[in-house]
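**Student:** So that we are looking at the same thing, I have put the structure below in C-alpha cells.
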Amino acid sequence: MSKQQLVASLVPCVLAGAAFAAETPDVEIHGFVSQGYLNTSKNNYLGETQGGTFDFNEAAINFQSQLTDDLRVGAQLYARDLDGIGQDRVGIDWAYADYHWKDALGFRVGEVKVARGLYNEYSDIDLANPTVLLPQAVYDERLRDFLTSVYGGSVYGTIPMHEAGSFDYEAFGGSQTVRPDGSINDFVRSNFYNATTGTDYESNTITLKSMYGASGTWNTPLRGLRFVVSALQFNHLLSVGNLSVPGPGGSTLYLPLSLEVSKGQNVVVGTEYSQAKLRLAAEGTIWNMEYSFTGPAPGSSVLRWAGWYVQAAYQFLPRWGAAATIGTYYDNRLHPTGNTYADPRLAYQKTVALTLRFDPVTWVALKAEGAFINGYGQMFVQENPNGYDGNTLMLSLKATVSF
Amino acid sequence: MIFRLLMLMLCVTMSCSAVEVQVIANKDLSVTSLGSDDLSDFYLGKRKKLPGGGNATVFTNADQDETERFLDKYLDLTPAAFSASWKRMIFTGRGIPPTDAKDDQDMIDIIKRTPGGIGYVATGTKVDGVMVLIISK
C-alpha cells in the first residue's frame, strides 16, 4: 500500500474514530461479487477471449457511516481480474469523508471518484448498468485503471434553476499510484510489442503526477432529460520499464525505456433521457495525449482518439430488461477511415451490441450480451500475435450478487 | 367474468397497483408543500436541505404496492430503476439508502419522531400526529 493510499484510508478512519468516542454511529455495510465470461469468435479482445475465459470477475465491500447530518465517511475495498489485470488483488476503490455543507456546495477529501461523462463513476458497478460492458468507445477498459479515482478531493453541488431545471457539478483534483501490471502497462506495451521481431515491453513503475477535471450536468425542466459536459487533464503519466529484444545466441536483452504522456486531455459530451422503464443515452468523447519515449529509438507523437455511442435500454417486464448499443472508436480522429494505416481496420472499432438482463430477485443480476465488432482499433497487438482476422463476434455473460 | 379475469391477468402482468398513496411529514417540517422535483431529489439522495431550512430524512415503505405507486406517481421511476439509482449511490460512496418502514403504522411512528422526516402511506390511513405534505408538479 502506498503512502497516498494509507493517508486516503486513514481520513475516514480518524473521523470515524472521533465520532465513535462520542457516540457509536451506525455503519452500513454493502458489497457485491460478480463473475463473468467472455468469448470471441475471432481475435482476442479484453484478454485471451478466443475459446472463452472466466478471467472476468469483481468483488467489493464498502462501509459507510453518517456521522452527523452533514458528514459521512466511507471506504470501499475492491478486487477485480480481467485476464490478469488486477489479479484479484484487494485495493482501495474509494475512501473519503464527505461534508455536505449545502446542497449547492459539498466537499470530499480522500480517494475520490473521477467524474467523467454520464457513467464513469459506475464503470465498476455491474448492478448499475444495463449492459455487461460499458460502451467501449467512450469508457475504454484500457484506461480504466487510472480513470477510476484519485487521491485528493472534490467539490460538488446541485444548484436549482427553478423553471430551467437544475445544475449538478463536480470538480476534482489529485494524483494516484498506477499499478505497473495493470491496463496502462498493457496499453504502453502495445506500442512496442512486435511478434515478428520478438520485441516486448514491461513497466517497472507507472506514476501519474496529477489529474484534475470537472463535470457539469444540466437537468432540464423535462424530467428525465439531462445533458452533461466533462473535461479532465492528467499530467506526466510516466512508465519506466524495459524493452526486451532478442540477443545473440537466443538470449534476451533488456534495454531501459520510458514512455511519458506529458499531457492528456479528454472531453465528454452526452445526453440521457430516462423515464419509467426507458433509458436513452448518447455520448461522444475526444482524447489528446502528447507523449514521448526514450530508449533505442526515441520518439514522440500525439494520440487523437475519439469515440461515440448511442444506447437504448428498456425494462419490458418487472424483472427483465434489454439494451441495444451502437458505438464507434477512432484511433485517430484526423484519419477516421484508416487510409494512413497498414490495415484500415486498425483505425477504428465499430460495435453493435444487444444485452438481456434478468434480476430474479433485487440482489441478483444476470446479463447476457452479444456484440458484433468490426475493426481492431482497441484490440491489443500482444493479445493477437498472429495478427487480426475478420470481424469479431463477442459473447459476454455476467452474474452479480449484492448485499 | 372472462373479461374480469383477463383484466386481472393484465394487471398482474403489468404490475399495476390499485393503491393510492399520500406523502406525510414530521409536523415540525419547515415547509407544508414541496415540488415533485424537490421530493425526487430527496428520495434519490441528490439533496438534503429543505427550502425552509433543516435537513430532510426520507423513508421508504416495505409495502411493495405502495412503494411502486409512490415511485410511479412522484418520481416517474420503476422499483428497479430506483434500486439501480441507489446502488450507484451506495457503491460510489455518495449516500446511504432510505430506511424501510415495516408498514404504514411504523412509517407514521418513525416520521413522528424524526425531525425532517418524510415518508408515504396508503391514502385513507389515519395520520394523527403527522402532516400530509402537499406535492405540486
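**Student:** Looking only at residues that are within 20 Å of A:His236 (Cβ to Cβ) and touching a Lys or Arg at 6+ places or on another chain (Cβ under 8 Å) in the range A:187-204, which one is surrounded by the fewest Cβ atoms within 10 Å (Cβ to Cβ)?
**Tutor:** Restricting to residues being within 20 Å of A:His236 (Cβ to Cβ) and touching a Lys or Arg at 6+ places or on another chain (Cβ under 8 Å), the top hit is A:Phe187.
**Student:** Among what's in the range A:84-99 and is over 18 Å from A:Ser215 (Cβ atoms) and either of a type in the set (Ser, Thr, Tyr) or within 12 Å of another protein chain (Cβ to nearest Cβ) (or both), pick the residue that is surrounded by the most Cβ atoms within 10 Å (Cβ to Cβ). Walk me through how you get there before you give the answer.
**Tutor:** Let us first name the residues in the range A:84-99 that are over 18 Å from A:Ser215 (Cβ atoms), namely A:84-93, A:95, A:97, A:99.
Then keep just the ones that are either of a type in the set (Ser, Thr, Tyr) or within 12 Å of another protein chain (Cβ to nearest Cβ) (or both); that gives A:92-93, A:95, A:97, A:99.
Numbers: A:Ile92: 19, A:Asp93: 24, A:Ala95: 27, A:Ala97: 22, A:Tyr99: 17.
Across the range A:84-99, the extreme among qualifying residues is A:Ala95.
**Student:** So which of A:Ser210, A:Ser203 is within 30 Å of A:Ile159 (Cβ to Cβ) and under 24 Å from the mean Cα position of the chain (by Cα)?
**Tutor:** On the way: A:Ser203 fails: within 30 Å of A:Ile159 (Cβ to Cβ).
Unique residue meeting the criteria: A:Ser210.
**Student:** Kindly indicate whether A:Thr328 is hydroxyl-bearing (Ser, Thr, Tyr), away from chain B (no Cβ under 14 Å) and surrounded by fewer than 17 Cβ atoms within 10 Å (Cβ to Cβ). Before the answer, list the steps.
**Tutor:** Numbers: hydroxyl-bearing (Ser, Thr, Tyr): yes; away from chain B (no Cβ under 14 Å): yes; surrounded by fewer than 17 Cβ atoms within 10 Å (Cβ to Cβ): no.
Judged against the criteria, A:Thr328 is not a match.
**Student:** So for the range B:32-51 (the condition being more than 10 Å from chain A (Cβ to nearest Cβ), outside any helix (DSSP H, G or I) and at pLDDT below 90), does at least one residue qualify?
**Tutor:** Scanning the range B:32-51 turns up no residue that is more than 10 Å from chain A (Cβ to nearest Cβ), outside any helix (DSSP H, G or I) and at pLDDT below 90.
**Student:** Taking B:Met107 as the residue in question, decide whether it is surrounded by 20 or more Cβ atoms within 10 Å (Cβ to Cβ) and more than 27 Å from A:Tyr78 (Cβ to Cβ). Don't jump to the end; show me each part of the working.
**Tutor:** Values: surrounded by 20 or more Cβ atoms within 10 Å (Cβ to Cβ): yes; more than 27 Å from A:Tyr78 (Cβ to Cβ): yes.
Answer is yes for this residue.
**Student:** Quick check on my filter: what residues within the range A:70-83 are over 16 Å from the mean Cα position of the chain (by Cα) and either more than 9 Å from every other protein chain (Cβ to nearest Cβ) or in contact (Cβ under 8 Å) with a residue 24 or more places away in the chain (or both)? Write out each step before concluding.
**Tutor:** Residues of the range A:70-83 that are over 16 Å from the mean Cα position of the chain (by Cα), as a first pass: A:70-77.
Across the range A:70-83, the qualifying residues are A:Asp70, A:Leu71, A:Arg72, A:Val73, A:Gly74, A:Ala75, A:Leu77.
**Student:** If you don't mind, there's one more thing I want to ask. Based on this model, can you work out whether B:Asp106 counts as in a strand (DSSP E or B) and not small (Gly, Ala, Ser)? Before you say what the answer is, go through the steps one by one.
**Tutor:** Details: in a strand (DSSP E or B): no; not small (Gly, Ala, Ser): yes.
No: the conditions fail for B:Asp106.
**Student:** Let me ask another. Out of the residues in the range A:144-168 that are among the aromatic types (Phe, Trp, Tyr) and crowded, with 17+ Cβ neighbours inside 10 Å, state the one that is nearest to the other protein chains (Cβ to nearest Cβ). Break it down stepwise before answering.
**Tutor:** Taking the range A:144-168 as the starting set, the residues that turn out to be among the aromatic types (Phe, Trp, Tyr) are A:146, A:151, A:156, A:167.
Pick out the ones that are also crowded, with 17+ Cβ neighbours inside 10 Å and you get A:146, A:151, A:156.
On the way: A:Phe146: 17, A:Tyr151: 14, A:Tyr156: 9 Å.
The residue in question is A:Tyr156.
**Student:** If you don't mind, there's one more thing I want to ask. Hey, among A:Ser203, A:Ser210, which residue is in contact with a helix residue (DSSP H, G or I) (Cβ under 6 Å, 6 or more places away or on another chain) and within 30 Å of A:Gly295 (Cβ to Cβ)? Lay out the reasoning, then the answer.
**Tutor:** Numbers: A:Ser210 fails: in contact with a helix residue (DSSP H, G or I) (Cβ under 6 Å, 6 or more places away or on another chain).
Of the residues listed, the single one that is in contact with a helix residue (DSSP H, G or I) (Cβ under 6 Å, 6 or more places away or on another chain) and within 30 Å of A:Gly295 (Cβ to Cβ) is A:Ser203.
**Student:** Also, quick follow-up: Could you list, in sequence order, all residues of the range A:262-280 that are crowded, with 20+ Cβ neighbours inside 10 Å and away from chain B (no Cβ under 14 Å)?
**Tutor:** Passing the criteria: A:Gly264, A:Asn266, A:Val268, A:Gly270.
**Student:** Considering only residues that are within 14 Å of chain B (Cβ to nearest Cβ) and touching a residue at least 60 places away in the same chain (Cβ under 8 Å), look in the range A:300-321 and name the one that is surrounded by the fewest Cβ atoms within 10 Å (Cβ to Cβ).
**Tutor:** The residue in question is A:Ala313.
**Student:** Evaluate the range A:181-188: report whether one residue or more is part of a strand (DSSP E or B), away from every other protein chain (no Cβ under 12 Å) and in contact with a strand residue (DSSP E or B) (Cβ under 6 Å, 6 or more places away or on another chain). Talk me through it step by step, then tell me what you get.
**Tutor:** The first filter runs over the range A:181-188 and keeps only residues part of a strand (DSSP E or B), leaving none.
No, there is no match, as no residue in the range A:181-188 is part of a strand (DSSP E or B), away from every other protein chain (no Cβ under 12 Å) and in contact with a strand residue (DSSP E or B) (Cβ under 6 Å, 6 or more places away or on another chain).
**Student:** Tell me which residues, restricted to the range A:225-283, are among the charged types (D, E, K, R) and closer than 30 Å to B:Ala80 by Cβ.
**Tutor:** We begin by selecting, within the range A:225-283, every residue among the charged types (D, E, K, R); these are A:226, A:260, A:263, A:272, A:277, A:279, A:283.
Within the range A:225-283, A:Arg226, A:Glu272, A:Lys277, A:Arg279, A:Glu283 meet the criteria.
**Student:** Taking the range B:62-81 on its own, how many of its residues are part of a helix (DSSP H, G or I), within 8 Å of chain A (Cβ to nearest Cβ) and touching a helix residue (DSSP H, G or I) at 6+ places or on another chain (Cβ under 7 Å)? Before you say what the answer is, go through the steps one by one.
**Tutor:** Within the range B:62-81, the first condition is being part of a helix (DSSP H, G or I), and the residues that meet it are B:64-75, B:79-81.
With the extra rule that they be within 8 Å of chain A (Cβ to nearest Cβ), the set shrinks to B:72, B:79-81.
Subsequent filtering for residues that are touching a helix residue (DSSP H, G or I) at 6+ places or on another chain (Cβ under 7 Å) retains B:79.
Counting residues in the range B:62-81 that are part of a helix (DSSP H, G or I), within 8 Å of chain A (Cβ to nearest Cβ) and touching a helix residue (DSSP H, G or I) at 6+ places or on another chain (Cβ under 7 Å) gives 1.
**Student:** Do we find that A:Ile125 is within 14 Å of chain B (Cβ to nearest Cβ), among the aliphatic types (A, V, I, L, M) and within 29 Å of A:Gln349 (Cβ to Cβ) in this structure? Lay out the reasoning, then the answer.
**Tutor:** Values: within 14 Å of chain B (Cβ to nearest Cβ): yes; among the aliphatic types (A, V, I, L, M): yes; within 29 Å of A:Gln349 (Cβ to Cβ): yes.
Here the answer is yes, as A:Ile125 does meet what is asked.
Every residue, every condition in (1) closer than 30 Å to A:Asp93 by Cβ; (2) more than 9 Å from every other protein chain (Cβ to nearest Cβ); (3) among the polar types (S, T, N, Q); (4) part of a helix (DSSP H, G or I), yes or no:
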| position | (1), (2), (3), (4) |
| --- | --- |
| B:Thr60 | yes, yes, yes, no |
| B:Lys87 | yes, no, no, yes |
| B:Asp100 | yes, yes, no, no |
| B:Asp128 | no, yes, no, no |
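**Student:** Please go through the range B:23-57 and give me each residue that is hydroxyl-bearing (Ser, Thr, Tyr), touching a residue at least 60 places away in the same chain (Cβ under 8 Å) and buried (at least 19 other Cβ atoms within 10 Å of the Cβ), ordered by number.
**Tutor:** B:Thr57
**Student:** Among the residues of the range A:213-236, what is the count of those that are of a type in the set (Lys, Arg) and in contact with a helix residue (DSSP H, G or I) (Cβ under 8 Å, 6 or more places away or on another chain)? Lay out the reasoning, then the answer.
**Tutor:** Residues of the range A:213-236 that are of a type in the set (Lys, Arg), as a first pass: A:223, A:226.
Of the ones still in play, those that are also in contact with a helix residue (DSSP H, G or I) (Cβ under 8 Å, 6 or more places away or on another chain) are A:223.
Residues in the range A:213-236 being of a type in the set (Lys, Arg) and in contact with a helix residue (DSSP H, G or I) (Cβ under 8 Å, 6 or more places away or on another chain): 1 in total.
**Student:** Please enumerate the residues belonging to the range A:87-134 that are of a type in the set (A, V, I, L, M, F, W, C), farther than 16 Å from A:Gly74 by Cα and within 18 Å of the chain's Cα centre (by Cα).
**Tutor:** First, pick out the residues of the range A:87-134 that are of a type in the set (A, V, I, L, M, F, W, C): A:90, A:92, A:94-95, A:97, A:101, A:104-105, A:107, A:109, A:112, A:114-115, A:118, A:125, A:127-128, A:132-134.
Narrowing the set further to residues that are farther than 16 Å from A:Gly74 by Cα leaves A:90, A:101, A:104-105, A:114-115, A:118, A:125, A:127-128, A:132-134.
Passing the criteria: A:Val90, A:Val114, A:Ala115, A:Leu118, A:Ile125, A:Leu127, A:Ala128, A:Val132, A:Leu133, A:Leu134.
**Student:** Here is a further query. Checking the structure you have, find out if any residue of the range A:358-369 is farther than 29 Å from A:Phe192 by Cα, within 14 Å of chain B (Cβ to nearest Cβ) and of a type in the set (Asp, Glu). Walk me through it before giving the result.
**Tutor:** Keep residues of the range A:358-369 that are farther than 29 Å from A:Phe192 by Cα, which gives A:358-369.
Then drop every residue that is not within 14 Å of chain B (Cβ to nearest Cβ), which leaves A:358-367.
So of that shortlist, the ones also of a type in the set (Asp, Glu) come out as A:359.
Taking every residue of the range A:358-369 in turn, at least one turns out to be farther than 29 Å from A:Phe192 by Cα, within 14 Å of chain B (Cβ to nearest Cβ) and of a type in the set (Asp, Glu).
**Student:** Another question, then. List every residue pair whose Cβ atoms sit under 9 Å apart, with the two residues 6 or more apart in sequence or on different chains, where the first one lies in the range A:373-386 and is farther than 16 Å from A:Glu202 by Cβ and the second, anywhere, is assigned to a strand (DSSP E or B) and among the aromatic types (Phe, Trp, Tyr).
**Tutor:** Pairs that qualify, where the first residue is farther than 16 Å from A:Glu202 by Cβ and the partner is assigned to a strand (DSSP E or B) and among the aromatic types (Phe, Trp, Tyr), are A:Asn374/A:Tyr348; A:Gly375/A:Tyr329; A:Gly375/A:Tyr348; A:Tyr376/A:Tyr348; A:Gly377/A:Tyr329; A:Gly377/A:Tyr330; A:Gly377/A:Tyr348; A:Gln378/A:Tyr329.
**Student:** Right, here's the next one. Taking the stated definitions as given, is A:Leu232 in contact (Cβ under 8 Å) with a residue 60 or more places away in the chain, buried (at least 20 other Cβ atoms within 10 Å of the Cβ) and more than 17 Å from the chain's Cα centre (by Cα)? Walk me through it before giving the result.
**Tutor:** On the way: in contact (Cβ under 8 Å) with a residue 60 or more places away in the chain: yes; buried (at least 20 other Cβ atoms within 10 Å of the Cβ): yes; more than 17 Å from the chain's Cα centre (by Cα): no.
For A:Leu232, the condition - in contact (Cβ under 8 Å) with a residue 60 or more places away in the chain, buried (at least 20 other Cβ atoms within 10 Å of the Cβ) and more than 17 Å from the chain's Cα centre (by Cα) - is not met.
**Student:** Restricting the search to the range B:73-112, which residues are under 14 Å from B:Gln22 (Cα atoms), in contact (Cβ under 8 Å) with a residue 40 or more places away in the chain and under 11 Å from the mean Cα position of the chain (by Cα)?
**Tutor:** Passing the criteria: B:Lys73, B:Tyr74, B:Met107.
The values are calculated or read from the model by the stated rules, or taken from the named source; none is laboratory data. Predicted model only: the values in this text are computed from it and were never measured. Cβ atoms come from the backbone with ideal geometry, glycine included; neighbour counts cover every protein chain shown.
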